[in-house]
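Chemist: Let me give you the structure first, and then I'll get to my questions.
The values are calculated or read from the model by the stated rules, or taken from the named source; none is laboratory data. For clarity, every value in this text was computed on a predicted model and none was experimentally measured. FYI the Cβ positions are ideal-geometry reconstructions off the backbone, even for glycines, and counts take in every protein chain you see.
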Amino acid sequence: MNSVATEKYQITMTISKVAQAFGTLLLVAVMSQYMLTIYSFSDKPQYRFLPRHITKKTIRGQTYHVHEVDPMSPSLREKYQHRRVLSVSHSGAKLRPQKEMLDYHRGRWRPEARPHEPLVAPLGGTGRGLTCNTCALVSNSGQLLGGSRGSDIDAADCVFRLNAAPTAGFERDVGERTTARVVSHKSLTSLYLNSTSVLGGSSEPPEVFVHGPQYAFGNARTAKLLRNLGEKFGRVEFYRFTQTAEARADEEFERQTQKPRSKSGVELSTGWYALTLMMDTCQHIQVYGMIPHNYCRLYPDSQVPYQYWSPGGVGECAMYEYHEDPGSQGQRLITERRIFRAWADKHNITFNQPAWV
């Protein structure tokens, strides 16, 4: 009997301790809820975001009347207002390109031509411009290799080259003179890295024409690259294609293809902008190394490289076919070649190596 009684006593004590612990937990929960309710409905100030500069402050005067005062002194407020206006004027330039960038990629942004605005505008300097009778446009294609057309290219009044294409080591095939370079805003980094050999060391400093959507020139990186290039090469004149040039390009692409360029996600190539500038500047245009639209269909086994200075690089036809795919949202290079053919007779353009007009 004693062992049974002892066992019952232990069970009773265990149940009692469990009940006591449960009661304690319940009491703590009730008290916590009570305190939270009291705090929520009390008059204590709640944490909240306050304006950076408090414009009004409530105080109690000597006669116990409550009124508002300006916590800033007049001189401090004048400085604050000036800084605020300055901040808005500077941030507006950043916000505008960001909106244009979104509209551009969503197919909502269309540049508008402005009356009497030229195709290009100087980015500082005098903007001396070009005056040419005969012009040569040198493409980046491997078609140029082995052609020995360098002397023909250099004989033109003005020689146009694309992006950061080099001449050193390839003079026999591509020439050595450079009057102008047409550069995409995406290729400015490459131009900067190779600027010493591409822009320097010439008695005839080239003029550089940069193309890109409107928002690109509000980008801090683009502005910094252009500023550094301008400081490094003081004799080189830099220009940008204006909104009028962009509008004309959109209109021409839509007229030739019956499709709006912005909504189809098409980016026009640097060759397009170079020819556009040359048609406005030159009387006779010779293009070297640019293939026709049907070249890859006629020569499906062609191993010609896309860039003449990268003989082991990607093939030209592979690049053209990739960009012509609507899913790539890139440059429709084959479509552009069809358009260039339509321009040839009207603007006295001849294509060499291969010859196709």
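Chemist: Look at region 154-197 and say how many of its residues are out of contact with any helix residue (DSSP H, G or I) (no Cβ under 7 Å at 6 or more places or on another chain), exposed (fewer than 15 other Cβ atoms within 10 Å of the Cβ) and under 22 Å from TYR215 (Cα atoms).
Modeler: So the count comes out to 1.
Chemist: Within the bounds of region 270-283, is there any residue that is without any contact (Cβ under 8 Å) to a residue 12 or more places away in the chain and over 17 Å from ALA344 (Cβ atoms)?
Modeler: Among the residues of region 270-283, not one is without any contact (Cβ under 8 Å) to a residue 12 or more places away in the chain and over 17 Å from ALA344 (Cβ atoms), which makes the answer no.
Chemist: Would you check which residues across region 116-169 are hydrophobic (A, V, I, L, M, F, W, C), under 30 Å from SER302 (Cβ atoms) and in a loop (DSSP other than H, G, I, E, B) and list them?
Modeler: LEU145, ALA155, ALA156, ALA164, ALA165, ALA168
Chemist: So ALA247 fits all but one of (1) part of a helix (DSSP H, G or I); (2) at pLDDT 90 or above; what number is the exception?
Modeler: Here ALA247 meets the rest and fails (2).
Chemist: Can you pull out the residues in region 310-324 that are surrounded by 18 or more Cβ atoms within 10 Å (Cβ to Cβ) and either in contact (Cβ under 8 Å) with a residue 40 or more places away in the chain or of a type in the set (A, V, I, L, M) (or both)?
Modeler: GLU316, MET319
Matching residues to (1) over 23 Å from SER269 (Cβ atoms); (2) modelled with pLDDT of 95 or more:
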residue	(1), (2)
ALA155	yes, yes
PHE160	no, yes
THR167	no, no
ASP173	no, yes
GLU176	yes, no
VAL182	no, yes
HIS185	no, no
SER190	no, no
ASN194	no, no
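Chemist: Ok, one more. Yes or no: SER202 free of Cβ contacts under 8 Å to residues at least 60 places away in the same chain, among the hydroxyl-bearing types (Ser, Thr, Tyr) and more than 26 Å from ASP280 (Cα to Cα)?
Modeler: No.
For (1) outside any loop (DSSP other than H, G, I, E, B); (2) at pLDDT below 90; (3) not assigned by TED's automatic domain parsing to the domain that holds PRO213, each residue gets a yes or a no:
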| residue | (1), (2), (3) |
| --- | --- |
| LYS263 | yes, yes, no |
| GLY271 | yes, no, no |
| MET278 | yes, no, no |
| ILE291 | no, no, no |
| CYS296 | yes, no, no |
| GLU321 | yes, yes, no |
| ILE339 | yes, no, no |
| ALA344 | yes, no, no |
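Chemist: Going by what's in this entry, would ASP301 be described as part of a loop (DSSP other than H, G, I, E, B) and among the charged types (D, E, K, R)?
Modeler: Judged against the criteria, ASP301 is a match.
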